[in-house]
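What follows is a single structure, written as structure tokens, with notes after it.
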Amino acid sequence: MVERDLAAIARALDDEAVPAWVLDRPAFDHNVQHVAELLARGRPGLTLRLASKSLRVPALIQRVLDFGPPYRGVMCFAAAEAAGLFAAGIDDLLLAYPVSRRSDLETIRGLHDAGCDLKVMVDDAAQVTLLAAALAGTDRPLPVVVDLDASLRVFGLHLGVRRSPVRQPEDAVALFEACADTGGALRPVGVMAYEAQVAGLADNSPHTKSKNVPIRAVRTMSVRAIHSRRQAVRAALEAAGFGVELFNGGGSGSLDTTPFDPAVTEVTAGSAFFCPHLFDHYQHVHFEPAAFIALAVTRASDPGFVTCAGGGYIASGAAGPDRLPEVAWPPGLSLVAAEGAGEVQTPVTGKGVMPGLGDLVLLRHAKAGEVAERFAHMVIVEGGAVVERAPTYRGLGVHLY
Ligand SMILES: Cc1ncc(COP(=O)(O)O)c(C=O)c1O
């Protein structure tokens, strides 16, 4: 456990322009070490691929990769992002979300021709046709990965995310065959099955107390179902004569289960490293909060209320109170229900001594990487001092879409 002193982090920011996005680097490094240990506990030798969307700071992606095994490769989410990462010297990229526009297809072709180790996701024969046309004439087929639906369908309910229509082993075999049948443009190399209803759903949340027990039941059922689906798909592909070089699964919230699936060759994680507050509420995985948003108090409207400059740091996903940021420091403060995450300013309230004008308030975002789109760099703090300002995608001018 890292000894965390948020007052010292706030003091380190004395001369810093705020609002600022801030990293407690010892806590981040602790999470990197801890995730490596969790993976080794599941299956020594398993690879961990970084989910770039949950970091969006190339220097920090590189820092994790520099740790060495089990870390290898990046799961990215946009073609333009893949180009930005490759330009920053980061290779072994899995573009895990399909593309359909010509500009993205051209970016993929350009990266492939430049020697980038880029694998691209498909879940539909029409995407295979588009990619094959974009790669026509290549002397080195583009490696392609098939996205397998990992949602759970029981009692007429759909639990999980709406992504891939590839559900049965024969669907995966058909798509592998379609990729293999592209005259050397594409080469099917693997499968990804991300169990969002396990990895992305907290099972010990104070926000959804009455739902924790059913969520745990869904989790148990899903883990069993997805592990056997992955194994069935792998067996069917091998029986059809295909090698499965890569089988990706999981996320930060399933580091306690995915590594135990013998079908997977690599697990993905990203949120674990910053540990946004949605990741405080998992029964079996625990990380150290490492990322904060620092705001300065600029006004005080009423006793027990102060207002900070900057705001709107709300998380994506189904809207609800759990998407709001939480006040991490000073202790005892919270957001004001009527104004939530604010817009260009954020009021906070508390019962004790309130911070004064110019004092800092530290928030924690609900999710890991998307707040990077609001800041040009992340301010990195260690040993009570700012040690680095690492550019985000936004700071580097990486336009995602
Ligand atoms: C395909 C895929 N894999 C893995 C993850 C897990 O990412 P994280 O560890 O940041 O939760 C996600 C998150 O949405 C995802 O979409």
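The values are calculated or read from the model by the stated rules, or taken from the named source; none is laboratory data. None of these values were measured; they are calculated from a predicted model. Cβ sites come from the backbone with ideal geometry, for glycine too, and all protein chains shown count toward neighbours. Side chains included, ligands, DNA and RNA excluded: accessible areas come from the protein's heavy atoms. Shrake-Rupley method; radii C 1.70, N 1.55, O 1.52, S 1.80 Å.
In whole percents, the pair-distance distribution calculated for the chain from its alpha-carbon pairs, binned every 20 Å from zero, is 27, 55, 18, 1.
By its C-alpha gyration tensor, with a ≥ b ≥ c as the square roots of the eigenvalues, how is region 175-312 shaped: rounded for a/c under 1.5, else prolate for a/b larger than b/c, else oblate? Prolate. Helix 212-239 and the longest principal axis of the Cα set of the chain meet at an angle near 30°.
What does the extension gain come out to for A300 and D117, with contour length at 0.36 nm per residue minus their alpha carbon separation? Walk me through the numbers on the way to the answer.
Details: separation 183, 0.36 × 183 = 65.88 nm, distance 5.37 nm.
Gain on stretching A300 to D117: 60.5 nm.
Compute the signed sum of charges (Lys and Arg +1, Asp and Glu -1) over the other residues within less than 15 Å, Cβ to Cβ, of V348. It would help to have the intermediate numbers written out before the result.
Details: positive: R299, K351, R364; negative: D302, E326, E339, E343, D359.
With Lys, Arg at +1 and Asp, Glu at -1, the net is -2.
Here the contact order of the chain, divided by its residue count and restricted to Cα pairs under 8 Å and six or more residues apart, works out to 21 percent.
Pairs of alpha carbons in region 45-121 separated by more than 22 Å make up 19% of all such pairs.
Extent along the principal axes, Cα only, for region 1-44: 45, 19, 9 Å, with the longest axis given first. Solvent-accessible surface of the chain, averaged per residue with a 1.4 angstrom probe and all protein chains in place: 42 square angstrom. Remark: spin-label model distance L357-E388 equals 3.7 nm, labels positioned 7 Å along the Cα→Cβ axis.
Region 85-117: which trypsin sites (Lys or Arg not before Pro) are DSSP loop and have at most 12 other beta-carbon atoms within 10 angstrom? Present the calculation step by step, with values, prior to reporting the outcome.
Working: sites: R101, R102, R109; in loops: R101.
Here the trypsin sites (Lys or Arg not before Pro) that fit, given the DSSP loop and packing criteria, are R101.
When peptides 337-347, 306-316 are sorted by average Cβ neighbour count within 10 Å, with the highest value leading, the order is 306-316, 337-347. With a Förster radius of 22 Å applied to the beta-carbon distance between A338 and A318, the computed FRET efficiency rounds to 0.55.
Looking at the chain alone, DSSP beta bridges between its own residues are antiparallel in about 50 percent of cases.
Comparing V18, V198, V74 in a Gaussian network model of the chain (Cα springs below 10 Å), the most mobile by mean-square fluctuation is V18. Taking only protein heavy atoms and a 1.4 Å probe, the accessible area of region 196-319 is 59% carbon and sulfur. Remark: spin-label model distance A235-R101 equals 4.3 nm, labels positioned 7 Å along the Cα→Cβ axis.
Net charge around S164, counting only other residues with Cβ within less than 11 Å of its Cβ (Lys, Arg = +1; Asp, Glu = -1)?
In short, -2.
Based on DSSP H segments of at least four residues, each scored -39500 (n - 2.57), the chain has a per-residue ellipticity at 222 nm of -8500 deg cm²/dmol. Normalised by the number of residues in region 268-401, the average gap of Cα pairs under 8 Å and 6 or more apart makes the relative contact order 25 percent. What the Cβ-Cβ distance of R11 and A125 gives, at R0 = 51 Å and to the nearest 0.05, is a FRET efficiency of 0.30.
A Gaussian network model of the chain, with springs between Cα atoms under 10 Å, assigns the largest mean-square fluctuation among R43, R56, R72 to R43. Compared with the dominant principal axis of the Cα atoms in the chain, helix 25-42 is inclined by about 40°. Under 17 Å from a point placed 7 Å out from the Cα of V154 along the Cα-to-Cβ direction: which residues of region 205-223 have their backbone N that close? Inside the label zone: 211-223.
Taking the chain as the reference, fit the longest principal axis to its C-alpha atoms, fit the long axis of helix 102-113 to the helix C-alpha atoms, and give the angle between the two in degrees, 0 to 90, nearest 10. Once rounded, the angle reads 70 degrees.
Across A240, A372, A390, mean-square fluctuation computed from a Gaussian network of the chain (C-alpha pairs under 10 Å connected) peaks at A240.
Between S228 and R162, the C-beta separation translates, for a Förster distance of 22 Å, into a calculated FRET efficiency of about 0.50.
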